[in-house]
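Asker: This is the structure I want to talk about, given as C-alpha cells.
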Amino acid sequence: MSARLRVSVLVIGDEILGGFVQDTNSGWIAQRLQRVGVPLDRIVTVPDESEAVAQALQTELERARPRVVLTSGGIGSTPDDLTLEAVAASLGLPLVTEPEIDRRITQALRWSAGRGAGVTDEHERSMRRMAQVPEGARLLTGGEGLAPGIAVDVDGGSATPGGATIVILPGVPAELRRIMVEGVEPELLAGRGIPLHVAELTHGYPESTLNPILNRLVAEYPDVHVGSYPGSECLIRLKGPRPRVEEAMALVADYVATLDRTPSNAALRTAWQQRWR
C-alpha cells in the first residue's frame, strides 16, 4: 500500500505576523483539503526573509512523503517579495526566466506606457523579477495574472512515493483560490485523498463531563479522530470512516441521553451555560 499524500502550508508575510493582515488563505486551503481527503500536517507562518522561508521549507520537505508544500505570498515585484528567490536558493536551483510570465509582464508594461505611465528601467527590472523562477518550475492552470502559481518538483515530485512538489502561490486570496481549484486540485490532488465522514453533536454540559465516553472512543475506535470543543454548547466532532464514525457517535449520543435523564444534571447544565454569559 502506497504512502498517503500529505500537505504543508507555508504562509509568508511580515504583514500577517505584525497583525496588519489576517491570514484567510490557510483556513480556506484547510477546508478544501478536508473536502478531497488529503491530510494537512502543518500551517507555518514566516516573515519576508529569505533565510526564514528557506529554513521553513526544508523543515517541511523533511516530513513524510509524498508531500505537497503550498507557499502563499511574497511573489510580487516589491523588495520584500522574496519567495521565488528563497525557494530556488533552498533547493540549490538557479533562477531562470519563465517565458509566459515574461510575456505577460511585457504586455503589462506596454499597457502602462500606453496610458502615460513612465516606465523606467528600474521599474521594468522590478517587474521582470516576477518572471525569474526556480529552474524546472512549471505553470499551474488558473493563474492568469503576473504572479501565477508555479510548481517545482523535488525528487520526482509528489506523484512518486519519496518525492515532493512545492507550489508557489500568490497571497491575494481570489487569485490563490482560483489556482487551487483550477490547477492544484486537479493536477496534484485529484484521486490522492481519502474523504472522511464527519459527524457532530452538541451538548450543554462542561466539556470534562464527557471524558469517560471520549476516553472509551479513543481506546476502542483508533481509526476515528475525536475532537471536543468547549462553549456554552460544547461540540463533539468525530471524523473517520463512515460506519465507524456513526457507530462511535451513537455511543456519544446514548451517553448524553443518559445524562439528560438524570434530574440532578439539569442544574449542572444551567450553571455551565451561565458561566458563558
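Rule-based calculations on the coordinates, nothing more; no lab input. Quantities reported herein were computed from a predicted structural model and do not represent experimental measurements. Cβ: placed from backbone, ideal geometry, glycine included. Neighbour counts: every protein chain shown.
Asker: Roughly what angle does helix 25-36 make with the longest principal axis of the chain, taking Cα atoms, 0 to 90 degrees, to the nearest 10?
Answerer: 70
Asker: In the neighborhood of Ile166, defined by Cβ-to-Cβ distances under 10 Å, what is the net charge if each Lys or Arg adds +1 and each Asp or Glu adds -1?
Answerer: Net charge in that neighbourhood comes out at -1.
Asker: Under a point-charge model restricted to the Cβ atoms of Lys and Arg (+1) and Asp and Glu (-1), what is the dipole moment magnitude of the stretch 9-81 relative to its Cα centre, in debye to the nearest 20?
Answerer: Using Cβ point charges on Lys, Arg, Asp and Glu, the stretch 9-81 gives about 640 debye.
Asker: Whole angstrom only: what separates the Cα centroid of the stretch 193-218 from the Cα centroid of the stretch 1-40?
Answerer: One Cα centre to the other: 24 Å.
Asker: Tell me the net charge near Leu95. Cut-off is 14 Å between Cβ atoms, Leu95 excluded, with +1 for each Lys or Arg and -1 for each Asp or Glu. Don't skip to the answer; put the middle values down first.
Answerer: Details: positive: Arg125, Arg128, Arg129; negative: Asp81, Glu85, Glu98, Asp102, Glu135.
Net local charge, Leu95 excluded: -2.
Asker: How large is ³J(HN,Hα) for each residue in the stretch 156-171, as worked out from phi by the Karplus curve 6.51 cos²θ - 1.76 cosθ + 1.60 (θ = phi - 60°), to whole Hz, x for Gly and Pro?
Answerer: Working through the residues one at a time gives x, x, 5, 6, 9, x, x, x, 8, 10, 9, 10, 9, 10, x, x Hz.
Asker: May I pose another question? So for the stretch 121-248, averaging the separation of alpha carbon pairs under 8 Å that are six or more residues apart and normalising by length, what relative contact order in percent results? Intermediate values should be presented prior to the final figure.
Answerer: Values: 166 pairs, mean separation 22.1, N = 128.
Rounded, it is 17 percent for the stretch 121-248.
Asker: Looking at the chain, identify the longest residue range that excludes and avoids all chymotrypsin sites (Phe, Trp or Tyr not before Pro) in DSSP loops having at most 14 other Cβ atoms within 10 Å.
Answerer: 21-275
Asker: Ok, one more. Rounded to the nearest 5, what is the percent of antiparallel bridges among the DSSP beta bridges in the chain?
Answerer: Looking only at bridges with both residues in the chain, the antiparallel portion is about 55 percent.
Asker: Still on this model: Within the stretch 1-60, list the GluC sites (Glu not before Pro) lying in a DSSP loop whose Cβ has at most 16 other Cβ atoms in a 10 Å radius.
Answerer: Those that pass, being in a loop and sparsely packed, are Glu49.
Asker: Rounding to the nearest 20 debye, state how big the charge dipole of the stretch 197-275 is about its Cα centre with +1 on each Lys and Arg Cβ and -1 on each Asp and Glu Cβ.
Answerer: About 140 debye.
Asker: While we're looking at this one, here's another question. Assign unit charges at the C-beta atoms only (+1 for Lys and Arg, -1 for Asp and Glu), then state the dipole size of the stretch 6-189 relative to its Cα centre in Debye, rounded to the nearest 20.
Answerer: 580
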